[in-house]
Amino acid sequence: MHSALLQRISTRPDGPLDITWLAAETPQLPLGRIRLRGEPASRSGWDVTTYLGLTTAEVLLGSWPAAPDDWPRLVRPTLYEVTGLCAALSFTTDALNLSNRLAGV
């Protein structure tokens, strides 16, 4: 396994992250999805990076070098905010597309 796909974030501030493990050859992320990657740090903890899927590429969302073993608690606020933003943008895009169809544009 190479990394994990974020499936869901609990609404509780100390709640879990639900993930699905991804194989190394997994293609580019779909729009708005988040990939997590954690590797043992050289001295202690974990080097954690997150990537966000955009239309044509994946971009680095965040990096936490030498994060402690409870790193999900550390990265959770960033992941929660980004997933909320992506959901809002998706909803807005769908609403605009529907509005344009109804207007005959």
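The values are calculated or read from the model by the stated rules, or taken from the named source; none is laboratory data. Only a predicted model underlies this, so the values are computations on that prediction, with no experimental measurement involved. Cβ placement follows ideal geometry from the backbone for every residue including glycine, while neighbour counts extend to all protein chains displayed. The protein model used for the area step is the full one, side chains on, heavy atoms only, and it has no ligands, DNA or RNA in it. Shrake-Rupley method; radii C 1.70, N 1.55, O 1.52, S 1.80 Å.
I need the full set of residues from segment 20-41 which are of a type in the set (A, V, I, L, M, F, W, C), surrounded by 13 or more Cβ atoms within 10 Å (Cβ to Cβ) and over 16 Å from Leu61 (Cβ atoms), in order please.
Within segment 20-41, Ala41 is the sole residue that qualifies.
Tally up the residues in segment 88-101 that are of a type in the set (A, V, I, L, M), without any contact (Cβ under 8 Å) to a residue 40 or more places away in the chain and within 26 Å of Tyr51 (Cβ to Cβ), please.
So the answer is 1.
Would you tally the residues in segment 46-78 being closer than 15 Å to Leu31 by Cα and aliphatic (A, V, I, L, M)?
6
Do we find that Pro16 is at pLDDT below 90 and within 13 Å of the chain's Cα centre (by Cα) in this structure?
Taking the combined requirement at face value, the residue does not satisfy it.
Which residues, counting only those in segment 1-19, are open to solvent by 80 Å² or more (accessible area, probe 1.4 Å) and either in a strand (DSSP E or B) or within 18 Å of Thr49 (Cβ to Cβ) (or both)?
Met1, Gln7, Arg8
Kindly indicate which of Leu79, Leu60, Leu74, Leu89 is closer than 25 Å to Asp18 by Cβ, among the aliphatic types (A, V, I, L, M) and touching a Gly at 6+ places or on another chain (Cβ under 8 Å).
The conditions single out Leu89.
Conditions: (1) in a loop (DSSP other than H, G, I, E, B); (2) open to solvent by 70 Å² or more (accessible area, probe 1.4 Å). Leu102 meets all but one. Number of the miss?
(1)
What are the pairs, 6+ residues apart or on separate chains, where a residue within segment 32-54 that is modelled with pLDDT under 90 has its Cβ under 7 Å from a residue that is in a loop (DSSP other than H, G, I, E, B)?
Pairs that qualify, where the first residue is modelled with pLDDT under 90 and the partner is in a loop (DSSP other than H, G, I, E, B), are Leu54/Leu31.
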